[in-house]
Structure formats: structure tokens, C-alpha cells
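Read the structure below first, then the notes.
Every read-out reported here was derived from the displayed coordinates using simple, explicitly stated rules and does not represent laboratory data. Predicted, not measured: the structure shown is a model, and the values here were computed from it. All Cβ positions, glycine included, derive from the backbone under ideal geometry; neighbour counts span all protein chains shown.
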């Protein structure tokens, strides 16, 4: 039991640092790791990852705003609108067949990886005029959909929308994306908990490990050049996609 707790602390610490660096909370990497190392089904892995991710995104949001302030009104607008789509999506996820949910998650990662592979070409055709701020709630609704369905992914979807659509800097976009993740994560966590899809004995020490390292990840996010940060973002997606496909092949 002690070894398992130390292992969970170390895993949570590693994922917390990556989550702070990339502005994602670490959950999208935690899910395939929990599936492969602990034999969890997709729904249980998603619920357990939420236990670790929720405090991480709270700390990460606070640290991002300390280093690169942005209006709380903007953050609240994105975060509150995410709840509109998070709850129905989470209800759908907990009622789905676990194998089907895993396949949907893998496809989601492939599409994200393809987006980042085409990022250079998309940047060349990008409109110069940013979208009006009144459209920011759309980011919340879209992000909340992925937060509820996969328990992760809201920040990964929201950050490119904020950069390309609204002209935000990458670090600011990642901070605002965490504002979106916070309320969605709380709603999704409650839904998964009521459905019994959480391993609290594993999730809680992972959360403790993540809290200890997420600030370090945020600090590195503000030291790295924006292009390097985007490259790390794309690499993280590719690694996660490979992990999921490997697990699917073994199944």
C-alpha cells in the first residue's frame, strides 16, 4: 500500500508538472497511463484523472494569472459558459460502453495531432483580424463539451481557438483555457463520482503530487519561447495518441 501511494505521488507529480507547462492539468496524459498501468476501463480512468486534474487546474490558473494577468471577467465568461455543455456530455460519457468511449477518445487525439501537424499551413491562411470578444462564450461551450465527454481536452481545444481566433498569446491562452477547465472539471467530477467511476485511493495521492509540481511547470511555460511551447504541446499529443493506440492493439 505504501509503495502504491509513493508511485501515485510520483506519477501525479510528473503529470502535474506537464499540466502546468502546457496549461492542461495533466489529465489527458493520466488517462492512458491509468488504463495501461492499472488496467482501468476508460470511464474509471477518466473519473480518476479528474481527481488529480481538478486541484492542478486551480493552482495552474492562479499561477498563470499571476505571471501574465488577464481580466477575470473574460475568464469567468469562458468558464461559466462551459457548464452549459459539460453536464450533458458527462452524462453521455458515463452511460457509454467503455470500449466505445476509448475509441472515441483515441480518434479525438488523432484529430488533435493532425491539427498540429497542419498548424503551419493553417497559420499562413489565418485571418489577420481577431474575432470579436463577444464570441468568447463559444470557446466555453466547445471546451465544456470535451470536458464532459472525455473529462479532459477542454484546455487543448480552447487554447488554439483563443490563439488563432482571438489573437491571444500562447501563455495567456493557456491561462484562460484553465479558467474554462475549472468549472467543467468540477461538474464532470461530480457526475463521474455519482456514477462510481472514480478510484479515490489512487486519485487523491496523484492530486497531492500534482499540486507540488504544477507551479514549477507554469514557471517553465513563461520561460520558453512561444514556438517551443507549441512544439511541446504537439509532442505531448503525439505521445498520448501512441499510448492509446498501443493499448487498443493489446486489447
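Quote the FRET efficiency, to the nearest 0.05, computed for residue 10 versus residue 66 with a Förster distance R0 of 22 Å and r equal to the Cβ-Cβ distance. Don't skip to the answer; put the middle values down first.
Details: r = 27 Å, r/R0 = 1.21.
The calculated FRET efficiency here is 0.25.
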Practice task
May I ask you to derive the relative contact order of the chain, considering only C-alpha pairs under 8 Å and at least 6 residues apart, and to give it as an integer percent?
Solution key: 40
Handout entry: Distance-filtered residues of segment 6-21 - backbone nitrogen under 18 Å, label point 7 angstrom along residue 38 Cα→Cβ
Key = 6-19
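Which order results if 97, 199 are arranged by neighbouring Cβ count within 10 Å, fewest first?
So the residues, fewest neighbours to most, are 97, 199.
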Handout entry: Added length on full extension, which subtracts the Cα-Cα distance from 0.36 nm per residue, residue 91 to residue 135
Key = 13.2 nm
Exercise for the section: Have a look at 218, 107, 59 and tell me which one the Gaussian network model of the chain (Cα, springs below 10 Å) gives the largest fluctuation. Expected result: 107
Completion exercise
Relative to the chain, whose Cα atoms define the longest principal axis, helix 136-150 and its Cα axis are tilted in degrees, nearest 10, by 20
Exercise for the section: Please work out the FRET efficiency for the pair residue 114 and residue 190, using the Cβ-Cβ distance as r and a Förster radius of 25 Å; give the result to the nearest 0.05. Expected result: 0.15
Fill in the blank from the handout: Going from the fewest other Cβ atoms within 10 Å to the most, one would list 215, 151, 95, 82 as 95, 215, 82, 151
Fill in the blank from the handout: Taking only the alpha-carbon positions of segment 2-250 as identical scatterers, the Debye log10 I(q)/I(0) at q = 0.10, 0.12 Å⁻¹ comes out as -0.41, -0.61
Practice task
Can you tell me the FRET efficiency between residue 216 and residue 169 if r is taken as the Cβ-Cβ distance and R0 is 25 Å, rounded to the nearest 0.05?
Solution key: 0.75
Handout entry: Footprinting exposure proxy for 211, 31, 84 (fewest neighbouring C-beta atoms within 10 Å first)
Key = 84, 211, 31
